[in-house]
1. Within segment 13-39, track down each residue that is aliphatic (A, V, I, L, M) and more than 24 Å from ALA67 (Cα to Cα).
2. Being assigned to a loop (DSSP other than H, G, I, E, B) and at negative phi is the filter; apply it to segment 79-97 and report the residue that is modelled with the highest pLDDT.
3. Is at least one residue of segment 52-59 under 13 Å from the mean Cα position of the chain (by Cα), among the charged types (D, E, K, R) and loosely packed, with under 11 Cβ neighbours inside 10 Å?
4. Among the residues of segment 1-23, write down those that are out of contact with any His (no Cβ under 8 Å at 6 or more places or on another chain) and loosely packed, with under 13 Cβ neighbours inside 10 Å.
5. Among ALA47, ALA37, which is closer than 17 Å to VAL10 by Cα, out of contact with any strand residue (DSSP E or B) (no Cβ under 9 Å at 6 or more places or on another chain) and surrounded by 12 or more Cβ atoms within 10 Å (Cβ to Cβ)?
6. Cβ contacts < 7 Å: first residue under 12 Å from ILE59 (Cα atoms), restricted to segment 14-26; second residue part of a helix (DSSP H, G or I) and among the aliphatic types (A, V, I, L, M), any location; separation 6+ or different chain. Result?
7. In the list VAL45, VAL5, VAL27, which residue meets the criterion of being under 13 Å from the mean Cα position of the chain (by Cα), of a type in the set (Val, Ile, Thr) and closer than 15 Å to LEU91 by Cβ?
8. Considering segment 52-97 alone, what residues qualify as being touching a strand residue (DSSP E or B) at 6+ places or on another chain (Cβ under 9 Å) and either over 22 Å from HIS33 (Cα atoms) or in contact (Cβ under 8 Å) with a residue 60 or more places away in the chain (or both)?
Amino acid sequence: MPRTVTLSSVAAFAQDVRHHLSQHDCVTLDLEHLVEADLSFIQIVCAARDHARHHDKTIRLAQPASAAVKSLLSRAGFLDALSPDDVEFWLDGEVAQ
């Protein structure tokens, strides 16, 4: 996982995710070292989740979203209407406060 996923670097991240999904039935994203991300990161992860679901594959996070990722999700409006699957994926089942 790269340290930065922003509009200027998202293409490489998307390609890596697509590659791993094409090679494996389950892909785990480790966001521990992610220090900078923007909405393009969230969009790629959401698209990858949809792709995985439609191809009977799984994508998950190694650990719940960090405070920085939660803040990004909040600013983008994603935390306002999370489905149970979204809560499980992003927050490891813990409802955001």
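1. Within segment 13-39, the subset aliphatic (A, V, I, L, M) is 14, 17, 21, 27, 29, 31, 34-35, 37, 39.
The answer is LEU21, and nothing else.
2. The initial filter retains those residues of segment 79-97 that are assigned to a loop (DSSP other than H, G, I, E, B), namely 82-83, 92-97.
Narrowing the set further to residues that are at negative phi leaves 82-83, 94-97.
Numbers: LEU82: 88, SER83: 91, GLU94: 78, VAL95: 70, ALA96: 50, GLN97: 52.
Restricting to residues being assigned to a loop (DSSP other than H, G, I, E, B) and at negative phi, the top hit is SER83.
3. Going through segment 52-59, the residues under 13 Å from the mean Cα position of the chain (by Cα) turn out to be 52, 58-59.
Applying the additional criterion that residues be among the charged types (D, E, K, R) yields none.
No, there is no match, as no residue in segment 52-59 is under 13 Å from the mean Cα position of the chain (by Cα), among the charged types (D, E, K, R) and loosely packed, with under 11 Cβ neighbours inside 10 Å.
4. Selection gives LEU7, SER8, ALA11, ALA12, GLN15, HIS19, SER22, GLN23.
5. On the way: ALA37 fails: out of contact with any strand residue (DSSP E or B) (no Cβ under 9 Å at 6 or more places or on another chain).
Every option except ALA47 fails the conditions.
6. VAL17/ILE44; VAL17/ALA48; LEU21/ALA48; LEU21/ALA52
7. On the way: VAL5 fails: closer than 15 Å to LEU91 by Cβ; VAL27 fails: closer than 15 Å to LEU91 by Cβ.
Testing whether each residue is under 13 Å from the mean Cα position of the chain (by Cα), of a type in the set (Val, Ile, Thr) and closer than 15 Å to LEU91 by Cβ leaves just VAL45.
8. ALA52, ARG53, LYS57
The values are calculated or read from the model by the stated rules, or taken from the named source; none is laboratory data. Since the structure is predicted, the reported quantities are computational estimates derived from the model, not experimental observations. Ideal geometry is used to build each Cβ from the backbone, glycine not excepted, and the neighbour counts take in all protein chains shown.
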